[in-house]
Amino acid sequence: MIALPGGNEFAIICDCYRNINLGHELTMLDREIWRVPWNVKDVLWGLLLVAAAALLVVAIYRFLLSEASLLPTPLILLQGSMLLAAFAFGTNRYHSGWQSLGLRALHGHGSFSLAWLVLLGSLGFTSLYVFFVNWSGWNRLLPQALSGQAIGEGWVRLLNIFFLGLFGPFSEEVFFRGFVMPSLVPRVGVLGAIGITSLLFALGHMLIGLLVPVFVSGCLLAWLYLKTRSIWPSVAAHSAQNLLALSLLT
């Protein structure tokens, strides 16, 4: 005969069972982030589309516009191409819905607290990076900041602030963290996907002085997406950093 456990023992067994189920549930939720229907080939097509848009934008600024100005129209082309790529080669091709790109509701109240933590981490690393580069004398590796004149005046300035501070971070997070990163996990694992995506994110800024700090920021934003299972906290942290940088322009 097998004796039934007493009240305390039975409660402990139930707690252990609940913990096992909770751990399994969290594991399944983590996997859900990376379960997307598109693959690396689709991402390569998306990257080609964005690269073509970037070359077009560079040509517009170099040959058609004054170097001292930063008009919003080319920014729309570049940032819009990222959303178009994620839509054309991801959600539209496989009829998967925008939630597969990370545009899902938040669970819990700590997600935006983590966004503030990521923002502070990114700003802190950038400050240390600038200090080290200044100390070493490698001035070529210093991040190049925009001047206040570069984003224009009046309505042009307002539009640039919108595209650089709000729409740009949204499109970049959807493209890099929501579209590119999940497709790489089956081939290179989570850490490899974070590293490759963050490198592409850094190279996309096309400035050698931003390569290291943007790479680290990309890793932090990817961790935030993994932690919250939603792209919105990453968009918030990214936008806050860009808006802070824009507010410091003179």
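Yes/no per residue for (1) part of a loop (DSSP other than H, G, I, E, B); (2) closer than 14 Å to Q241 by Cβ:
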| site | (1), (2) |
| --- | --- |
| F132 | no, no |
| Q144 | yes, no |
| L159 | no, no |
| F163 | no, no |
| L166 | no, yes |
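Given the options M206, M181, name the one that is at pLDDT 95 or above and closer than 27 Å to L77 by Cβ.
The conditions single out M181.
Return yes or no: is S127 under 24 Å from L199 (Cβ atoms), part of a helix (DSSP H, G or I), of a type in the set (S, T, N, Q) and touching a residue at least 24 places away in the same chain (Cβ under 8 Å)? Talk me through it step by step, then tell me what you get.
Details: under 24 Å from L199 (Cβ atoms): yes; part of a helix (DSSP H, G or I): yes; of a type in the set (S, T, N, Q): yes; touching a residue at least 24 places away in the same chain (Cβ under 8 Å): no.
Taking the combined requirement at face value, the residue does not satisfy it.
Given the conditions (1) at pLDDT below 60; (2) surrounded by 11 or more Cβ atoms within 10 Å (Cβ to Cβ), which single one is not true for N19?
For N19, the exception is condition (2).
Within segment 154-168, can one find any residue that is over 20 Å from L47 (Cα atoms) and among the basic types (K, R)?
yes
For segment 37-53, what are the residues that are more than 12 Å from F175 (Cβ to Cβ) and in contact (Cβ under 8 Å) with a residue 24 or more places away in the chain?
Selection gives P37, W38, N39, V40, D42, W45, A52.
For residues that are part of a helix (DSSP H, G or I) and charged (D, E, K, R), scanning just segment 30-74, find the one that is modelled with the lowest pLDDT.
Among those that are part of a helix (DSSP H, G or I) and charged (D, E, K, R), it is D30.
Looking at segment 149-156, can you tell me whether even one residue there is of a type in the set (D, E) and part of a helix (DSSP H, G or I)?
Step one: list which residues in segment 149-156 are of a type in the set (D, E), which gives 153.
Filter once more, so that each one left must be part of a helix (DSSP H, G or I): none.
For segment 149-156, residues of a type in the set (D, E) and part of a helix (DSSP H, G or I): absent.
Could you tell me how many of the residues in segment 83-114 are touching a residue at least 24 places away in the same chain (Cβ under 8 Å), assigned to a helix (DSSP H, G or I) and either of a type in the set (S, T, Y) or within 11 Å of T228 (Cα to Cα) (or both)?
Adding up the residues that qualify gives 5.
Just checking, does segment 184-200 include any residue being closer than 16 Å to V43 by Cα, in contact with a Pro (Cβ under 8 Å, 6 or more places away or on another chain) and either surrounded by 15 or more Cβ atoms within 10 Å (Cβ to Cβ) or of a type in the set (S, T, Y) (or both)?
Checking segment 184-200: at least one residue is closer than 16 Å to V43 by Cα, in contact with a Pro (Cβ under 8 Å, 6 or more places away or on another chain) and either surrounded by 15 or more Cβ atoms within 10 Å (Cβ to Cβ) or of a type in the set (S, T, Y) (or both).
The values are calculated or read from the model by the stated rules, or taken from the named source; none is laboratory data. The structure displayed is predicted, hence computed values, not measured ones. Cβ atoms come from the backbone with ideal geometry, glycine included; neighbour counts cover every protein chain shown.
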